[in-house]
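Chemist: First the structure, then my questions, so here it is.
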Amino acid sequence: MAEQSIRCLTLMLIVILAVWTASLFEFCDARRGGHWRHRAVSASLSSNKKTKSHSGHSSHNNNHSGSKSKPKPKAKSPPKEAPEEPPVDDVPPQNGDSATYNVLDFGATGDGNTDDTQAFQDTWAAVCEAAGSTMVVPSEYVFLVGPISFAGPNCQHNIVFQIDGTIIAPESSEAWGRGQLQWLEFTKLVGITIRGNGVIDGSGSVWWQSTPLDEPDNEEKLIIPLNKTVLHPPVPVSMETGVKMPSIKPTALRFYGSFNVTVTGITIQNSPQCHLKFDNCMGVSVYLITVNSPGDSPNTDGIHLQNSRQVLIHSVNLACGDDCISIQTGCSDVYVHDVNCGPGHGISIGSLGRDNTKACVSNITVRDVIMQNTMNGVRIKTWQGGSGSVQGVLFSNIQVSEVQLPIVIDQFYCDKRICKNQTTAVALSGITYEKIIGTYTVKPVHFACSDNLPCVDVSLTSIELQPGQERYHMYDPFCWQAFGQLNTPTMPPIDCLQLGKPSRNRIQSDHDVC
């Protein structure tokens, strides 16, 4: 009996042990399964992102698909299952992925006669709403477009304006009213790119022949032809006679208050006034463009900068009737290289300080430039009576051919018949000229600095300038109140530069300092 009881007790213990062992195995297997799922989710995340919760509840809350708002990558929690492909909104816009809007689809005709202004406006309205989108001006069409503003700041970022066709400005005075300061304007945009192989044509000749010429630059008074003929031939008259255009002439292409601006590939020609202007912009890149206007077209600067920073201009061909590149007040961190300039008035900083204003320009580099048949080479020009400063300027590896005045500092600039003498001036310091080589036709160097605030730290290295064809009266190098150093012998000798620093140099007031 006792033996039977022992057998029953043993059998019960075996059954209990078997049941307990099976339960333990299922529990451990469940833990092992949960751990694997957690590792699978973690492996799908970036190594530098950590989740705040490992619970299935948190994952479930972030796995709903009913919301239409754009997901924020940093706010995502791990989903239950292996992650799916990210939604389109999470992928940065790439070539081919963004929306494309063709002006022909919005009613543009492109025959060169029909006014396509409204079609361009409608196309821009659609482009403006889609980040990374492209507005296309197709090739083999000519679009007549009046004054228009492609405006932000409510536009999406990184818009591309693809110009492969030709855009022309109207030649009738009715289209301009009393006058416009710009023709095509892009304002308050972020990441705007103008690119393509097309042409922007300002139809400028009708403006040039119907408006009076401005007074000439100071330097033109020095340029006296030997045969006493007129220095510049008359501006050619447009084929359309009897057209009276407004006295205010527009800039062809202007950018205002924009960040990360790129202009590349296009040709801008025959602008009524300046061709390409940047005002109050930061982060500007201009390359592989062409500016083309006659050398006698008035006030047609190639590229004009004012109040703009972090500017890169390179690999451009600029032919115009004024400065190839003009750098005005408020500009800093400007780098210009690999430029072909001519015809034109060269590359200029200024004019600065007009009407007793304050001007600040700093950290300007201009190098690897070829100039042919220009009035000036590299020039700094300021008005009497101004304040502020120009400092940290480098002109390097400038090749000049038949340039009238290769090196110019003019602190007595005046484009009027009479200018009042004043004692204050924009201070010039740290101006470096190196490896400026070629031929001149009037005067190799002209340094005319302020009496009360002389130019200081003017440095000359490897200056080799020889007289070219004898077409004008020739002058020797000229210096007035210019102080600095000659690091190498120059050709011709520039003995007029005063070495060292001036003994009496007015200290600038807080109002003057930039």
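Chemist: Considering only DSSP states other than H, G, I, E and B, which trypsin sites (Lys or Arg not before Pro) in the range 416-450 qualify as loop sites with at most 15 other Cβ atoms within 10 Å?
Modeler: LYS416, ARG417, LYS420
Chemist: Expected output is a single nm value to one decimal: the length gained when fully extending between GLU470 and TYR335, i.e. 0.36 nm times separation in residues minus the C-alpha distance. What is it?
Modeler: Contour length minus Cα-Cα distance gives 45.2 nm.
Chemist: Structure shown: which of LYS358/LYS420; LYS244/LYS416; LYS416/LYS501; LYS249/LYS420; LYS381/LYS420 lie over 21 Å apart, alpha-carbon to alpha-carbon?
Modeler: Details: LYS358/LYS420 17 Å; LYS244/LYS416 25 Å; LYS416/LYS501 32 Å; LYS249/LYS420 28 Å; LYS381/LYS420 16 Å.
With Cα atoms farther than 21 Å apart: LYS244/LYS416; LYS416/LYS501; LYS249/LYS420.
Chemist: Just want the answer: with Cβ charges of +1 for Lys and Arg and -1 for Asp and Glu, which residue in PRO406, PRO343, PHE483 is farthest toward the dipole's positive end in the range 334-504?
Modeler: Value: PHE483.
Chemist: Carbon and sulfur together cover what percent of the accessible area of the range 334-504 at a 1.4 Å probe radius? Present the calculation step by step, with values, prior to reporting the outcome.
Modeler: Values: 3140 of 6800 Å².
Whole-percent figure for carbon plus sulfur exposure: 46.
Chemist: Which ³J(HN,Hα) values, rounded to whole Hz and listed in residue order, are derived for the range 364-372 from phi using the Karplus coefficients 6.51, -1.76 and 1.60 in 6.51 cos²θ - 1.76 cosθ + 1.60 with θ = phi - 60°, glycine and proline given as x?
Modeler: Each residue of the range 364-372 in turn: 10, 10, 10, 8, 6, 10, 10, 10, 10 Hz.
Chemist: Using a 1.4 Å probe and counting only protein heavy atoms, arrange GLU219, GLU129 so the residue with the most accessible area comes first.
Modeler: Listed by decreasing accessible area, they come as GLU129, GLU219.
Chemist: Separate question: Within 14 Å, Cβ to Cβ, of GLY257, how many net charges do the neighbouring residues add up to if Lys/Arg are +1 and Asp/Glu are -1?
Modeler: Working: positive: LYS188, ARG254, LYS277, ARG309; negative: GLU185, ASP279.
Net local charge, GLY257 excluded: +2.
Chemist: Considering only protein heavy atoms, what per residue accessible area in square angstrom results for the range 334-504 with a 1.4 angstrom probe?
Modeler: Counting only protein heavy atoms, the per-residue value for the range 334-504 is 40 Å².
Chemist: Name the residue from PRO467, THR441, ILE418 whose Cα lies farthest towards the positive end of the charge dipole of the range 334-504, charges +1 on Cβ of Lys and Arg and -1 on Cβ of Asp and Glu.
Modeler: ILE418
Chemist: Sticking with this one: Please compute, for the alpha-carbon atoms of the range 334-504, the extent along each of the three principal axes and give them in descending order in Å.
Modeler: 38, 34, 33 Å, listed from the longest principal axis down.
Chemist: Further question: Of all GluC sites (Glu not before Pro) in the range 378-486, which ones are in loop regions per DSSP and have a Cβ with at most 16 other Cβ atoms within 10 Å?
Modeler: Qualifying residues, ordered by number: GLU470.
The values are calculated or read from the model by the stated rules, or taken from the named source; none is laboratory data. Keep in mind the model is a prediction, meaning the values are calculated, not measured. Every residue, glycine among them, receives a Cβ derived from its backbone with ideal geometry; neighbour counts consider all protein chains shown. Accessible surface areas use protein heavy atoms only, side chains included; no ligands, DNA or RNA. Shrake-Rupley method; radii C 1.70, N 1.55, O 1.52, S 1.80 Å.
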